[in-house]
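Below you'll find the structure, written out as structure tokens, and then a few comments.
Please treat every number below as a calculation from the coordinates, not as lab data. Here the structure is a predicted model, which is why all the values come from computation and not from measurement. Reconstructed Cβ throughout: ideal geometry from the backbone, glycine too, with neighbour counts over all protein chains shown.
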């Protein structure tokens with residue numbers, strides 16, 4: 001098995017680890033109320049999913 005001959009510096013280690021960042025989830029507009037929502041999920045504004053009322057949303 002390969003073993004490194006010299007130690008990697010902390011800066012080199014940090015450069016490698018810097019690419020492990022979270023991606024921003026994409027959003028789509030709801031076909032009912034046109035508010036942004038996550039894809040394949042119930043709209044939190046109107047409660048519709050695939051053209052059907054799934055949950056009751058209370059207006060404040």
Check: What is the chain's relative contact order, in percent, from Cα pairs under 8 angstrom and six or more apart in sequence?
Finding: 17
Note to self: With 10 angstrom as the radius, rank 57, 3, 28 by how many other C-beta atoms surround their C-beta, starting from the fewest.
What the structure shows: 3, 28, 57
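What ranking do 45, 56, 35 get, fewest neighbouring Cβ atoms within 10 angstrom at the top?
Exposure proxy ranking, most exposed first: 56, 35, 45.
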Note to self: Taking Rg/Rh (Cα atoms, Kirkwood Rh) straight from the coordinates, which label in (1) 1.46; (2) 1.04; (3) 1.13 is the correct one?
What the structure shows: (1)
Next item on the list: Mind checking the full-extension length gain between residue 32 and residue 53? Use 0.36 nm per residue of separation minus the Cα-Cα distance, one decimal, nm.
Entry: 6.5 nm
Item checked: Contour excess over end-to-end distance, with Cα ends at residue 16 and residue 40 and 0.36 nm allotted per residue -> 5.3 nm
